[in-house]
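Structure first, then comments.
The values are calculated or read from the model by the stated rules, or taken from the named source; none is laboratory data. The structure displayed is predicted, hence computed values, not measured ones. Cβ: placed from backbone, ideal geometry, glycine included. Neighbour counts: every protein chain shown.
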Amino acid sequence: MAVLPHLPPAFVDLLILDPPYNLAKDFNGRTFQKQPVEAYTKWMESWFLPLIRVLKPTASIYVCGDWLTSASIFHVLRARCNIRNRITWEREKGRGAKTNWKNCSEDIWFATVSDDYCFDPEAVMLKRRVLAPYRLEGQPKDWRTEDGGSFRLTHPSNFWSDITVPFWSMPENTDHPTQKPEKLIAKLVLASSKPGAVVMDPFLGSGTTAVVAYKLGRQFVGIEIDETYCLLALKRLAVAKDDKTIQGYANGVFWERNTLAEQLRATGSKNGERASLDSTQSLLLEVA
Ligand SMILES: C[S@@+](CC[C@H](N)C(=O)[O-])C[C@H]1O[C@@H](n2cnc3c(N)ncnc32)[C@H](O)[C@@H]1O
């Protein structure tokens, strides 16, 4: 974060923050230790307050965390921004515990600098299979039969169950221990920025935010302390020059899980090609 004072003021449209959570984690030899909530909150403030300077008055901010980290995120955001919502991401993957509930969800806090901000729900519609297609006077109500099934486009909510962590078999997967799915970051970028906007991620890790911003026609700025992770990000950006697909996002909509066949039909992809599939489906494709 020593680089922050060298950046110009008020140039960022969208800030995506995915810092080490308040738990013990090894990032390529740099170990982050779990801390008392007060200490972790102080640490957050030490880099969040300097970041405010680089944000445009119209900027939006997303901060990722788990349930414990959320206690600090709320405190830090509340002091400086307008908190708008908290998205719950059902991550699916998680380690079972003998004395506690398995942790398999994460929080993504949404805040803005002011009341003047960009939000485009139409850009992040979810395509869901209709289980009980209802007809009114013989006509489908809010759904269509296409791509081999009956589907409805639904408004994006603050509960996301259509995204899994990047599996080993997915093209986007790297060795980074806490890599975010491109599909998840794509929702943030599409909803809260316009083409050409500047997206910043000061905990860039394997480069997910930069890669997604690039694929979606936004500019990006990333900061990452570990050189190996920076190289992973550069490698992914090089690959993205020839492959701008985002798994689970195709034809301008996000697809729910387990719609592989329909997505292939909609994108005109053949078996074996890198279509825009979500993780489970990518796994199926590789095995096939
Ligand atoms: C949760 S990970 C981010 C993962 C990223 N969203 C991705 O998809 O790959 C947090 C990252 O912050 C980095 N980090 C930790 N302290 C940092 C600091 N002071 N400045 C910049 N990066 C830091 C770690 O090396 C790690 O890669």
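A compact table of results
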read-out	value
Filtered residue count, region 173-196, keeping only those that are within 9 Å of the ligand (Cβ to nearest atom) and charged (D, E, K, R)	2
Top-ranked residue in region 22-39 [being in a loop (DSSP other than H, G, I, E, B) and more than 8 Å from the ligand (Cβ to nearest atom); ranked as surrounded by the fewest Cβ atoms within 10 Å (Cβ to Cβ)]	29
Failed criterion for residue 17 (all others in (1) near the ligand (Cβ under 10 Å from one of its atoms); (2) over 22 Å from residue 83 (Cβ atoms) hold)	(2)
Lone unmet requirement of (1) of a type in the set (A, V, I, L, M); (2) assigned to a helix (DSSP H, G or I); (3) surrounded by 15 or more Cβ atoms within 10 Å (Cβ to Cβ) for residue 63	(2)
Count - residues of region 40-67 that are away from the ligand (no atom under 13 Å from the Cβ) and touching a residue at least 60 places away in the same chain (Cβ under 8 Å)	4
Hits in region 229-245 (condition: under 12 Å from residue 175 (Cα atoms) and loosely packed, with under 15 Cβ neighbours inside 10 Å)	231
Residue match in region 135-144 (condition: outside any loop (DSSP other than H, G, I, E, B), more than 20 Å from residue 73 (Cβ to Cβ) and at pLDDT 95 or above)	no
Hey, residue 130 β-branched (Val, Ile, Thr), within 30 Å of residue 10 (Cα to Cα) and in contact with a Ser or Thr (Cβ under 8 Å, 6 or more places away or on another chain) or not	no
Residue 148 in contact (Cβ under 8 Å) with a residue 40 or more places away in the chain and either near the ligand (Cβ under 10 Å from one of its atoms) or not hydrophobic (A, V, I, L, M, F, W, C) (or both)	yes
Qualifying residue in region 3-10 (condition: surrounded by 13 or more Cβ atoms within 10 Å (Cβ to Cβ) and within 16 Å of the ligand (Cβ to nearest atom))	yes
Evaluation of residue 35 against (1) under 23 Å from the mean Cα position of the chain (by Cα); (2) touching a residue at least 12 places away in the same chain (Cβ under 8 Å) (one fails), failing number	(1)
